[in-house]
Amino acid sequence: MADNKTGFNRLGFAKTFVLPGLYVFLIPVVGLLFFLHAQSRLDVQSQEAVTKQIHDDPNLNVEQKTKATAFFREHPFSELVREEGFAEGLDGTLRFSFAAFRWMIRLSAWSLVAGLLVFLLAGLCVLLSMRSHRAQYFSLLAGWHVLRAYCAAQVVVQGILLFALSYWVTALWLERISLKLIAVTGIMAVAAVGALIAAIFKRTTIDHTAQGKVIEKGTDAPLWRELEKICSRVGTAPPDQVIVGIDDNFYVTEMPTRVGDKTYHGRTLYVSLSLVKQMDGAEVDAVLAHEMAHFSGQDTVYSKKISPLLVRYSHYLEALSGGLARPVYHFMHCFRALYELSLSKFGRQREFRADRIAMDVASPSAMAGGLLRVVAYSHFRNRVQSDLFEKEQALENANICERIEAGFPAFAANFASTEDVANLESTHPFDRHPSVALRLEAAGFTFDRERLQSLLATPGDGRWFWKITGAEQLERDEWNDFEQQFRDSHEQSLPYRFLPQTPEELAVVVKSFPEVQIDGKTGAVLLNYESIHASGWKFPVLFAEITECALDKNDLLQFKYERDGKHSVSIKMKDFAQNRQEALDSIGRYYARYKVAAEYQQHRAATAQKLDAREGEPD
């Protein structure tokens, strides 16, 4: 079964990444075949013309004619035209055609050979990246520079090839020229090169932003004393600063981290106040030992080096993702996916090593309990926030913190018995972690649901929470800010949920989408939450009736709608002069609100129908 699954995965990977990556060879292959054909065809035409001239020349005898004819059969014009003396005697158009074909053949051949070489080199870099952290970084660095240079050159070369093909295909086969096709191809090629140049010179920032308060060394003696004990047992120096907040995870980083208006450098540890409040002291010991192990293993050093490369890689891919650069995008995307295999491999190894160290510093049960409690907390918090966000009335008080604290102990006690717990992962701002089952098994801790459930049966003692001076006030301040942002976001989403059926729902929608009139030179547009009405129309058109809305080349905004048959109306946008963009934006915003609300209500009705069907099924 494992072999079949692996084979399926490899096949899926090849279909998703490798085969699209081979599209980079399509244009060069087509170009090479076409221009070889074009050159051969012109050679034949030229040979026929010169043979006729030789045959009709009265100054040549039979032997001379035979000898001259044999010479031109053995030496096609595409070869002879490279000799300056011979080329000077030819028509300028003929010389240009042969030169164009020759260079397009060279470009196509170069593109194919370079693609094969880069494919092999990048593949070698991927293989080397599997050896060690150091090899991973340097192979990724080398691969990035090679791929970036190759892809930039390929975009230019393939743009030239397509431009040449747009001219010569029609000229040679149809004996006519399509100026529109040539212009469109040229514009697309220039746009692709322009986007690529912008991506090459685009500066990227990779500072990480964290919400919380920074506790620097010497400012909180109890916290730092306990942390130094753990660092001593792990065999690493303490972090340069600790950030305490209310996120649902712990992590370490050496990336520049912005908190408020200040950016902190060096080694940073993030500690969740809300999590340590729910955990046993031994579980927090294990979690912090795990995080410090990332420092001792230089994991954060290589993450700091590799992260900028991955960010640049992503920006470069984004620039290649459209237009004529798409085949080159797939080529580069293939190797980004292959590098992900290396990144995932070492990511798993880092986590397994850190878990083993956590077990040595604390205990196997503390490591397992800490891991489970962190994952359970994140899972429960997401559920609480999702349930609150789905409420269809404004929230006077979210009380997320209180809801979590009241319900989490009971949730945690039964968490290990949930069906999908083995496949869950702990959250992290930079990396993906292996599943709970894989981490426990790698640490030699058998995944036994009953045993794991017993680890969470008793609520945590919160010992570490009280080691942090002013922890209660710090946590309360962070939750106040978070819950205010949560309520604001929730309230902003409400108008996009309702097709108002009650006065309360109507009030919510009208508050954000009141009736508005936008005046033009010869008329006006009147908008409300459910319809649009323009001067010259007999009656308003409901958004629910509109089947199509489009702005044509004459700057007419046309609406097709159904009401006892199909109808259409339009608005002359040029009549709005300076208010044109305001009118377009407002129409788009009001119509989009209706569309989003309609889709939301359809989804809600479908979900309710599925739930009713499940409840009606026999046990």
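The values are calculated or read from the model by the stated rules, or taken from the named source; none is laboratory data. On a predicted model such as this, the values are computed, not experimentally measured, just so you know. With ideal geometry, Cβ positions are generated from the backbone for all residues, glycine too; neighbour counts draw on all protein chains shown.
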query: Residues of the stretch 513-548 being in contact with a helix residue (DSSP H, G or I) (Cβ under 7 Å, 6 or more places away or on another chain) and without any contact (Cβ under 8 Å) to a residue 24 or more places away in the chain, which ones?
result: S531
message: Pairs please, first residue from the stretch 225-246 and under 21 Å from T257 (Cα atoms), second anywhere and aromatic (F, W, Y) and in a loop (DSSP other than H, G, I, E, B), Cβ atoms under 9 Å, 6+ apart in sequence or on different chains.
response: none
- prompt: Within the stretch 345-371, how many residues turn out to be under 20 Å from S132 (Cα atoms) and acidic (D, E)?
  reply: 2
- request: Could you check, for the stretch 307-327, whether at least one of its residues is closer than 27 Å to F482 by Cα and free of Cβ contacts under 8 Å to residues at least 40 places away in the same chain?
  value: no
field: Any chance V184 is within 30 Å of S40 (Cβ to Cβ), in contact (Cβ under 8 Å) with a residue 40 or more places away in the chain and outside the structural domain of I306 (by TED's automatic domain parsing)
entry: no
- request: Could you list, in sequence order, all residues of the stretch 516-560 that are among the polar types (S, T, N, Q) and closer than 18 Å to D575 by Cβ?
  value: Q517, T522, S535, N554, Q558
Residues within the stretch 554-602 that are under 14 Å from G520 (Cα atoms), of a type in the set (F, W, Y) and part of a strand (DSSP E or B), tallied: 0
message: I need every pair where a residue in the stretch 150-173 that is over 10 Å from A325 (Cβ atoms) has its Cβ under 8 Å from the Cβ of a residue that is surrounded by fewer than 17 Cβ atoms within 10 Å (Cβ to Cβ) and not hydrophobic (A, V, I, L, M, F, W, C), sequence separation at least 6 or different chains.
response: F163/G186; S166/S178; S166/G186; T170/R176; T170/S178; L172/R41
- prompt: Checking D387 against (1) surrounded by 13 or more Cβ atoms within 10 Å (Cβ to Cβ); (2) at pLDDT 90 or above, which single condition isn't satisfied?
  reply: (1)
query: Which residue pairs have Cβ atoms under 8 Å apart, sit 6 or more places apart or on different chains, and have a first residue in the stretch 107-120 that is without any contact (Cβ under 8 Å) to a residue 60 or more places away in the chain and a second that is among the polar types (S, T, N, Q) and buried (at least 20 other Cβ atoms within 10 Å of the Cβ)?
result: A114/Q154
message: With the condition being modelled with pLDDT under 95, within 29 Å of Y137 (Cα to Cα) and in the same structural domain as E351 (by TED's automatic domain parsing), I'd like the strands (runs of 3 or more DSSP E) fully within the stretch 217-322 carrying at least 1 qualifying residues.
response: 251-253, 257-259, 262-264
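To keep it simple, each residue is scored yes or no on (1) crowded, with 16+ Cβ neighbours inside 10 Å; (2) outside any helix (DSSP H, G or I); (3) at pLDDT 85 or above; (4) in the same structural domain as T93 (by TED's automatic domain parsing).
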residue	(1), (2), (3), (4)
N4	no, no, no, no
K15	no, no, no, yes
P20	yes, no, yes, yes
F35	yes, no, yes, yes
A38	yes, no, yes, yes
R41	no, no, yes, yes
E48	no, no, yes, yes
K52	no, no, yes, yes
message: Between A114, A149, A122, A164, which is more than 33 Å from the chain's Cα centre (by Cα), among the small types (G, A, S) and in a helix (DSSP H, G or I)?
response: A164
Near pairs, Cβ below 6 angstrom, 6+ apart or cross-chain, from the stretch 338-363 (more than 14 Å from I230 (Cα to Cα)) to any residue that is polar (S, T, N, Q) and not in a helix (DSSP H, G or I): S342/S129
- line: Here the residues within the stretch 91-114 that are crowded, with 20+ Cβ neighbours inside 10 Å and either of a type outside the set (A, V, I, L, M, F, W, C) or touching a Phe, Trp or Tyr at 6+ places or on another chain (Cβ under 6 Å) (or both) are S97, F101, M104, S108, S111
query: Which of the residues belonging to the stretch 305-323 are surrounded by fewer than 16 Cβ atoms within 10 Å (Cβ to Cβ) and either closer than 12 Å to V252 by Cβ or β-branched (V, I, T) (or both)?
result: V311
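Give the residue, chosen from A583, A597, that is at pLDDT 95 or above and buried (at least 17 other Cβ atoms within 10 Å of the Cβ). Can you show your working first?
Working: A583 fails: at pLDDT 95 or above.
Within the list A583, A597, the selection yields A597.
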- prompt: Just to be sure, is A354 assigned to a helix (DSSP H, G or I), assigned by TED's automatic domain parsing to the domain that holds M255 and modelled with pLDDT of 90 or more?
  reply: yes
- prompt: Taking the stretch 417-448 as the region of interest, how many residues are in contact with a helix residue (DSSP H, G or I) (Cβ under 8 Å, 6 or more places away or on another chain), at pLDDT 80 or above and assigned to a helix (DSSP H, G or I)?
  reply: 6
query: Of these, V62, V81, V44, V50, which one is of a type in the set (A, V, I, L, M, F, W, C) and farther than 27 Å from F34 by Cα?
result: V62
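Please work out which residue is farthest from D248 (Cα to Cα), limiting yourself to the stretch 460-478 and to residues that are in a loop (DSSP other than H, G, I, E, B) and small (G, A, S).
Residues of the stretch 460-478 that are in a loop (DSSP other than H, G, I, E, B), as a first pass: 460-464, 468-470.
Then drop every residue that is not small (G, A, S), which leaves 460, 462, 470.
Numbers: G460: 16, G462: 15, G470: 20 Å.
Of everything passing the filter in the stretch 460-478, G470 is farthest from D248 (Cα to Cα).
Matching residues to (1) over 25 Å from Y496 (Cα atoms); (2) in contact with a Ser or Thr (Cβ under 8 Å, 6 or more places away or on another chain):
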| residue | (1), (2) |
| --- | --- |
| Y529 | no, no |
| F543 | no, yes |
| K560 | no, yes |
| R563 | no, no |
| S568 | yes, no |
| Q581 | no, no |
| I587 | no, no |
| A605 | no, no |
